[in-house]
There are 2 protein chains.
Amino acid sequence: MIINPSEVPKETGTNYPEEFKAKVAGRIKQRLGNAAGLNDFGVNLVHLQPGSCSALRHWHVQEDEFVYILEGELMLITNSGEQVLSAGMAAGFPAGEENGHHLVNHSSNIATYLEIGARKSNDEANYPDEDLKAKFTENGVIFTHKDGAVYN
Amino acid sequence: MIINPSEVPKETGTNYPEEFKAKVAGRIKQRLGNAAGLNDFGVNLVHLQPGSCSALRHWHVQEDEFVYILEGELMLITNSGEQVLSAGMAAGFPAGEENGHHLVNHSSNIATYLEIGARKSNDEANYPDEDLKAKFTENGVIFTHKDGAVYN
């Protein structure tokens with residue numbers, strides 16, 4: 001099934017707790033894999049405006065992730081510090097590797113990338129820089145503080 | 001882990017039976033996902049020379065597939081006929097959908113795309129245009145004729 005990205009809805013917003021939403025306010029996602037009816041993995045075309053983050057810095061317990069930069073320049077931030085990713089570069093994040101990562105657009109131009117993520121049951125995400133954990137369930141994601149208390 | 005495609009080995013060749021090898025002789029793959037240590041899915045950067053096919057026309061029983069065209073123009077061939085995919089277009093092929101597909105470079109320039117495929121056990125591939133079937137096992141792929149006789 002052919003997917004023309006110009007016909008795929010552009011989604012903004014996040015299900016993060018309120019206090020974290022601003023960090024990804026400039027993120028626009030187009031769910032190409034979903035549009036093609038895929039289930040095994042997601043493929044999103046993401047447009048990241050200057051100043052925005054791809055996500056809070058995080059790592060997944062069960063699901064591999066991969067990004068490929070199509071346009072612009074992004075800063076990859078991990079435990080290793082900051083590394084520039086320009087168009088044509090990629091990065092992969094194996095499940096269970098305890099190295100939080102995210103992309104930040106420190107440039108003055110929009111940047112575009114593909115993000116690919118596995119889909120597995122019982123996934124969790126850890127956020128080393130915030131008092132936040134996520135559990136992914138059949139009924140959606142549950143965000144808690146690190147002590148387990150659920151965000152309201 | 002950052003992946004610079006210029007540092008990832010370029011692989012040619014195929015494990016298809018001898019009589020089918022010529023169809024993919026102009027296919028060069030760089031296994032970016034493997035280079036990043038991913039297991040849940042493969043992400044390959046593929047360079048397809050004029051006249052070459054991405055694969056024999058096929059569909060997978062268990063594994064979703066997705067392609068995103070980065071450069072050039074390719075013909076997608078499915079049961080629906082021929083459809084042009086130019087840079088920025090994509091296509092997805094859900095597991096079990098009995099619609100053989102492949103990409104053919106009918107242009108005079110190299111074309112480049114990302115291919116993403118799930119990794120599952122007990123996958124099979126069906127090839128509607130050839131006397132060929134494939135079973136993917138822990139010990140590698142086994143190609144048979146449609147009557148089950150193994151290719152030598």
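The set of residues in segment B:125-142 being of a type in the set (Lys, Arg) and either out of contact with any strand residue (DSSP E or B) (no Cβ under 7 Å at 6 or more places or on another chain) or farther than 17 Å from residue B:64 by Cα (or both) consists of B:133 alone. Of the numbered criteria (1) open to solvent by 30 Å² or more (accessible area, probe 1.4 Å); (2) touching a strand residue (DSSP E or B) at 6+ places or on another chain (Cβ under 6 Å), the one residue B:55 fails is (1).
Per the listing B:125, B:90, the residue uniquely touching a helix residue (DSSP H, G or I) at 6+ places or on another chain (Cβ under 8 Å), among the small types (Gly, Ala, Ser) and open to solvent by less than 40 Å² (accessible area, probe 1.4 Å) is B:90.
Have a look at A:5, A:17, A:9, A:50 and point out the one that is farther than 14 Å from residue A:105 by Cα and either open to solvent by 50 Å² or more (accessible area, probe 1.4 Å) or touching a Cys at 6+ places or on another chain (Cβ under 7 Å) (or both).
A:9
Scan segment B:71-87 and tell me whether some residue there is within 30 Å of residue A:60 (Cα to Cα) and either in contact with a Lys or Arg (Cβ under 6 Å, 6 or more places away or on another chain) or surrounded by fewer than 21 Cβ atoms within 10 Å (Cβ to Cβ) (or both). Taking every residue of segment B:71-87 in turn, none turns out to be within 30 Å of residue A:60 (Cα to Cα) and either in contact with a Lys or Arg (Cβ under 6 Å, 6 or more places away or on another chain) or surrounded by fewer than 21 Cβ atoms within 10 Å (Cβ to Cβ) (or both). Within segment B:75-85, being within 11 Å of another protein chain (Cβ to nearest Cβ) and in contact with a strand residue (DSSP E or B) (Cβ under 8 Å, 6 or more places away or on another chain) holds for B:76, B:78, B:83, B:84, B:85.
Being within 13 Å of another protein chain (Cβ to nearest Cβ) and not in a strand (DSSP E or B) is true of residue B:88. Considered as a group, the residues in segment B:93-122 that are of a type in the set (D, E, K, R) and more than 9 Å from every other protein chain (Cβ to nearest Cβ) include one that is least open to solvent (accessible area, probe 1.4 Å), and that residue is B:115. Report yes if some residue within segment B:119-126 is within 22 Å of residue B:39 (Cα to Cα), outside any loop (DSSP other than H, G, I, E, B) and touching a residue at least 40 places away in the same chain (Cβ under 8 Å); otherwise report no. Taking every residue of segment B:119-126 in turn, at least one turns out to be within 22 Å of residue B:39 (Cα to Cα), outside any loop (DSSP other than H, G, I, E, B) and touching a residue at least 40 places away in the same chain (Cβ under 8 Å).
The values are calculated or read from the model by the stated rules, or taken from the named source; none is laboratory data. Every value quoted in this text rests on a predicted model; they were computed, and no experiment measured them. Here the Cβ is made from the backbone with ideal geometry for all residues, glycine too, and neighbour counts use every protein chain on show. Keep in mind that these areas ignore ligands, DNA and RNA; they rest on the heavy atoms of the full protein, side chains included. Shrake-Rupley method; radii C 1.70, N 1.55, O 1.52, S 1.80 Å.
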